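The values are calculated or read from the model by the stated rules, or taken from the named source; none is laboratory data. Not measured: the values here are computed from a predicted model. Cβ placement follows ideal geometry from the backbone for every residue including glycine, while neighbour counts extend to all protein chains displayed.
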Amino acid sequence: MREALKEVRDEMGTKYEDWAFDIIEQESGGHKGITNISGLGTIGIMPKKLREELNDLKNNDKYKRYKALPLAKQRSLSLPGVDAIQKRIDELEDIKKQKAGRRQQIIREIKKKLIDKANAAIAEARKNMKEEYIEQIKYLAEVQ
């Protein structure tokens, strides 16, 4: 697992995501093969400043009152302050979606690398098992 994470970090990581990869590795279990997959949620997260701005905009009293109105009433009103808030919320939501898409891309790449490594390990184990069985058969043939 750690190898797969390191490869993905080297190939896809950015300086802005180093801390996220550090958290994943830091929170890994005591066994070298155990890694905290839930830590992947920290990769591609929208910057704190933008998250706070989005939260503040959504909690704006004027905006909340406007959003509480029925949709038909919202459409008939044109409130300059609310329109500007909605425009910025839409921009921030787009940024959030882009970041989430990047996180999904990284998660897919980690899964792919893990599966590839597991398949390679299985193939190697099968090869070693075949060789071991051949040696055992040769030994049994020599003994008899």
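Of the set (1) basic (Lys, Arg); (2) farther than 21 Å from residue 14 by Cβ; (3) surrounded by fewer than 13 Cβ atoms within 10 Å (Cβ to Cβ), all apply to residue 97 but (2). Pairing residues of the stretch 116-141 that are touching a residue at least 40 places away in the same chain (Cβ under 8 Å) and closer than 18 Å to residue 2 by Cβ with residues that are among the acidic types (Asp, Glu) and assigned to a helix (DSSP H, G or I), at Cβ distances under 7 Å and at least 6 apart in sequence or on separate chains, gives 117/3. Selection over the stretch 48-84 of residues that are closer than 28 Å to residue 99 by Cα and either exposed (fewer than 10 other Cβ atoms within 10 Å of the Cβ) or touching a residue at least 60 places away in the same chain (Cβ under 8 Å) (or both) gives a count of 4.
Here residue 92 meets each of (1) among the aliphatic types (A, V, I, L, M); (2) surrounded by fewer than 14 Cβ atoms within 10 Å (Cβ to Cβ); (3) modelled with pLDDT of 85 or more; (4) within 30 Å of residue 11 (Cβ to Cβ) with one exception, condition (2). With respect to residue 83, determine if the residue is modelled with pLDDT of 85 or more, assigned to a helix (DSSP H, G or I), under 19 Å from residue 56 (Cα atoms) and not polar (S, T, N, Q). Spelling it out, residue 83 is indeed modelled with pLDDT of 85 or more, assigned to a helix (DSSP H, G or I), under 19 Å from residue 56 (Cα atoms) and not polar (S, T, N, Q). Taking into account only those residues within the stretch 1-48 that are part of a helix (DSSP H, G or I), hydrophobic (A, V, I, L, M, F, W, C) and closer than 20 Å to residue 119 by Cβ, which is modelled with the highest pLDDT? For the stretch 1-48, the residue satisfying everything is 8.
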